[in-house]
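J.: Quick one: this structure, given as structure tokens, is what I'll be asking you about.
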Amino acid sequence: MDATHGPDHGEMDLAAHRAMFSGFLKATEWACVFLAMVLALVVLAFAVGLGWWTGLIAWAVVGVAAGFFLNMGGVWWAVLALSTVLLAVGGAITMALIGAG
């Protein structure tokens, strides 16, 4: 190949490919764990009818288990804590509005 068609086979920078694939795997891991957390929350709160707080506990348990077993890192713990607090505040506001109505 000439210079206009890019590098020849074996001359590519593999470090960039490895970094991108590592990032892709980490994003996939986060997305799968969040999907499992959302499913646990929604199924327990609405489909099974155990209530919001039971679903929120399941949300936190799945998140903590993933954090420990998958070694998710400090950003994971910050996101988990913030999302749990926001869901708890939202649940409390919703319960207060339902009780007031």
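J.: Only one of (1) assigned to a helix (DSSP H, G or I); (2) in contact (Cβ under 8 Å) with a residue 24 or more places away in the chain fails for Leu80. Which number is that?
T.: Failed condition: (2).
J.: In region 8-46, which residue that is of a type in the set (D, E, K, R) and not in a helix (DSSP H, G or I) is modelled with the highest pLDDT?
T.: Filtering region 8-46 for residues that are of a type in the set (D, E, K, R) and not in a helix (DSSP H, G or I), the one modelled with the highest pLDDT comes out as Asp13.
J.: So if I check each of Gly67, Gly49, Gly63, which one is outside any helix (DSSP H, G or I) and among the small types (Gly, Ala, Ser)?
T.: Answer to the check: Gly49.
J.: Can you name every residue in region 46-56 that is without any contact (Cβ under 8 Å) to a residue 12 or more places away in the chain and either within 14 Å of Gly90 (Cα to Cα) or surrounded by fewer than 15 Cβ atoms within 10 Å (Cβ to Cβ) (or both)?
T.: Phe46, Ala47, Val48, Gly49, Leu50, Gly51
J.: For residues that are loosely packed, with under 15 Cβ neighbours inside 10 Å and under 17 Å from Ala27 (Cα atoms), tally how many sit in region 69-101.
T.: Final tally of qualifying residues: 8.
The values are calculated or read from the model by the stated rules, or taken from the named source; none is laboratory data. Computed from a predicted structure; not experimentally measured. Cβ coordinates were reconstructed from backbone atoms using ideal geometry, including for glycine residues, and neighbour counts include every protein chain displayed.
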